[in-house]
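Below: one structure, written as structure tokens.
All of the numbers you see were taken from the coordinates with simple rules; none came from a lab. This is a predicted model, so every value here is computed, not measured. Because the Cβ atoms are built from the backbone with ideal geometry, glycine has one as well, and the counts that use them run over all protein chains shown.
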Amino acid sequence: MQTTLQPTLQAQDVMTEGLALCTPETPLSEVSALMVRYDCGAIPVVESLRSERLVGIVTDRDITCRTLPEGLDPLTMTAGQVMSQPVITATPGTPFRECVARMEQAQVRRLPVVDAEGRICGIIAQADVANTNPGLRTGAMVERISDPIPTASAVPT
């Protein structure tokens, strides 16, 4: 029996915390190494490691799609050169239902969670949606996120 998304859940109840972070100046080789070390496909890009203010996000897809088709060498590039921005975000108190809706509408696989000052607090990924509501909306959500994008210039995260 399927249930509905719990109306009281908020982003802070579902998000993954303790993220690996990088800055715009971080070489893509280091960003990729962080993805391997933390077994993830996206690294939030912050203004500085001290401030942790979110300025973008680099996904494995960003690295591939924004370098190789252009004949660029990712080993000579930085996070700032390929990061997705602006980033669709939520706050810790954003209702979980709204987080899922934002991910679907923006066709993104990850939704960073930031505090009132724009500092990264956590991230909600498709896996978090699936683990929170097994089988409920995950299939439909993945389908909507994966719909073809009208312009080739957009690279979803």
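Amide H to amide H, with H built 1.01 Å from N, G56 comes under 5 Å of V45, counting only residues 5 or more places away or on other chains. Take the Cα of E30, step 7 Å toward its Cβ, do the same at L75, and the gap between the two points is 1.8 nm.
Quick one: 3J(HN,Hα) in Hz for the range 52-67, Karplus 6.51/-1.76/1.60 with θ = phi - 60°, rounded, Gly and Pro as x. These are the phi-based 3J(HN,Hα) values: 6, 7, 5, 10, x, 8, 10, 10, 4, 5, 4, 4, 6, 6, 9, 10 Hz. Which residues does a label at A20 reach in the range 114-133, if reach means a backbone N under 17 Å from a point 7 Å past the Cα toward the Cβ? Answer for this model: 122-125.
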